[in-house]
Amino acid sequence: MPGAMTHRDTLLVEEAEILSHQAHPGEQYILRLKAPRIAQRARAGSFVHIKCDPRLPMRRPLSIMRADARAGWIELLYRAFGDGTRLLSGHGPGTRLSVLGPIGRPFTLHPERPRALLIGGGVGIPPMIFLVEEMRRSGGYSPLVLMGSEVPFPFTARPSQILAPGMPEGAIAAMPLMDDWGVPSRLASLQGYPGCFHGYVTDLARRWLEALSQAQRDEVEIFACGPHPMLEAAARLARDHALPCQVSLEEFMACAVGGCAGCTVRILTADGPAMKRVCVDGPVFDAATVVF
């Protein structure tokens, strides 16, 4: 449908135009869409449900990596691994796609915890980039961004120009965008990529946390998005150091608006365990409440 319409007073359906579509190694793509109304409402941790191609009736959920409310665009990073995303990867600038969003409960910032540790794994990296943008706009936060991937990163890593005390010797690879923003970042992988920490990204996070003083750790909050094993490790890391931790869960979705209940996860509540929908009750949850 042309234009946009409200959906349940918070969601929008927008006919978004592809502004750019960049291919990166590992069948990864960065898609920039002109979607001004969604860009106005997008928050770090929210996602969109996109119609990848007219030949496919089902939409696909994709995390928002960046949003520019003034310019009216959003950016999505995705990996082509199924029929929908492979068809999506074939569309070029000028193509119009139906996009539903922004969907979901986003991350919540806490000024009393300014020393933020952001952990992104694979396609869980995009919300971390968006979260850094929000922290920069809010001011008062000192984020460290750690990214892990077992396929090539969707950017050309370079040696960081920003010191990050507590990082192992040789772990110097960083995301250029973070360096440009003045935000320290480090990369981790088991694939032997130059300058990357050899190990899991949560192991790198543990090394950093253990190098802090107790007073410094008292200022830390962990934010994480990635595959379930990584999120479980992040939750364990937070528990070991008595730190708050927010995790953004990834699940297969059908409707993405809470109607089908196909993306439920087990969450601990004050009234006992309950099944919560990742799409609308999340995707961001307190890690201490998630039953992994």
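Return the only residue of Phe81, Phe47 being within 22 Å of Gly121 (Cβ to Cβ) and in contact with a Pro (Cβ under 7 Å, 6 or more places away or on another chain).
Phe47
So that you can scan it fast, the table gives a plain yes or no per residue for (1) among the aliphatic types (A, V, I, L, M); (2) farther than 18 Å from Ile103 by Cβ; (3) modelled with pLDDT under 95; (4) more than 18 Å from the chain's Cα centre (by Cα):
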residue	(1), (2), (3), (4)
Met5	yes, no, yes, yes
Glu14	no, no, no, yes
Leu33	yes, no, no, no
Arg37	no, no, no, yes
Arg41	no, no, no, no
Gly45	no, no, no, no
Val48	yes, no, no, no
Met58	yes, no, yes, yes
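Of the conditions (1) within 27 Å of Phe223 (Cα to Cα); (2) surrounded by fewer than 18 Cβ atoms within 10 Å (Cβ to Cβ), Asp83 fails just one. Which one is it?
Here Asp83 clears every test but (1).
Please find, within the range 102-133, the residue that is farthest from the chain's Cα centre (by Cα) out of those that are under 13 Å from Gln246 (Cβ atoms) and assigned to a helix (DSSP H, G or I).
By that ranking, first place goes to Leu131.
May I ask you to list the residues in the range 134-154 that are surrounded by 20 or more Cβ atoms within 10 Å (Cβ to Cβ), among the β-branched types (Val, Ile, Thr) and not in a strand (DSSP E or B)?
None; the set is empty.
Please specify each residue of the range 63-81 satisfying the condition of being modelled with pLDDT of 95 or more and among the aliphatic types (A, V, I, L, M).
Hits for the range 63-81 are Ile64, Met65, Ala67, Ala69, Ala71, Ile74, Leu76, Leu77.
Report, by residue number, each residue of the range 50-78 that is within 23 Å of Cys225 (Cα to Cα) and surrounded by fewer than 17 Cβ atoms within 10 Å (Cβ to Cβ).
The answer is Asp68, and nothing else.
The values are calculated or read from the model by the stated rules, or taken from the named source; none is laboratory data. For clarity, every value in this text was computed on a predicted model and none was experimentally measured. Cβ sites come from the backbone with ideal geometry, for glycine too, and all protein chains shown count toward neighbours.
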